[in-house]
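Read through the structure below, which is laid out as structure tokens, and then see the notes.
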Amino acid sequence: MTVTVATPTAREELPARLRRVTMRLSRRLRREAGSGLPPALDSALTTIGRRGPISPSELAQLEGVRRPTATRLLAILEDRGLVARTPDPCDRRSCRVAVTEPGRALLRDSRTRRDAYIARRLASFEPDDRAMLDRALALLERMITEER
């Protein structure tokens, strides 16, 4: 295993390299998912599956879009039978959105395909490299969960 010393130039390049790699991996995993959904719909369905049932306003906030955009995304997902709206029990003027069984199946299949892609790629790594990646993932998880 080779250890690289972080020179000033390497430290300056690290954020850009990390951004590029994570974006490329994210795009690749979207392609591997095979959901047939455009990225915005895939992301919205995933968010609803993870956090639902949620209101359209909550979806907009979580997805970083405006409420009309979230409403359009929900209409498409609902038309495809992937989500269903129900009245909000606390506020009858609003609704809650949850993933339907076909939506859960799509999410499950997409997750399985993404995990299989990563497993295939990791199979060629040496044990030391997998251990190093495990340590790097712990740092990435800390980076996105800790407030600085």
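The values are calculated or read from the model by the stated rules, or taken from the named source; none is laboratory data. In this text the structure is predicted, and so the values were computed from the model without any measurement. All Cβ positions, even for glycine, are placed from backbone atoms using ideal geometry, and neighbour counts span all protein chains on display.
A few remarks follow.
- Annotation: SER35 fulfils all but one of (1) touching a residue at least 24 places away in the same chain (Cβ under 8 Å); (2) part of a helix (DSSP H, G or I); the unmet one is (2).
- Residues satisfying the stated conditions in segment 38-86, i.e. touching a residue at least 40 places away in the same chain (Cβ under 8 Å) and of a type in the set (A, V, I, L, M, F, W, C): LEU45, ILE48, ILE54
- The set of residues in segment 80-126 that are touching a helix residue (DSSP H, G or I) at 6+ places or on another chain (Cβ under 7 Å), surrounded by 16 or more Cβ atoms within 10 Å (Cβ to Cβ) and part of a loop (DSSP other than H, G, I, E, B) contains only LEU82.
- Selection from segment 58-84 of residues that are charged (D, E, K, R) and either at pLDDT below 95 or under 21 Å from the mean Cα position of the chain (by Cα) (or both): GLU58, GLU63, ARG66, ARG67, ARG72, GLU78, ARG80
- One residue from ASP134, ASP129 being over 28 Å from GLY52 (Cβ atoms), out of contact with any Gly (no Cβ under 9 Å at 6 or more places or on another chain), among the acidic types (Asp, Glu) and surrounded by 12 or more Cβ atoms within 10 Å (Cβ to Cβ): ASP129
- Single condition LEU29 does not satisfy, out of (1) in contact (Cβ under 8 Å) with a residue 60 or more places away in the chain; (2) hydrophobic (A, V, I, L, M, F, W, C); (3) farther than 28 Å from ASP134 by Cβ: (3)
- For segment 32-57, filtered to residues that are surrounded by fewer than 16 Cβ atoms within 10 Å (Cβ to Cβ) and more than 15 Å from the chain's Cα centre (by Cα), the residue that is nearest to LEU133 (Cα to Cα) is GLY36.
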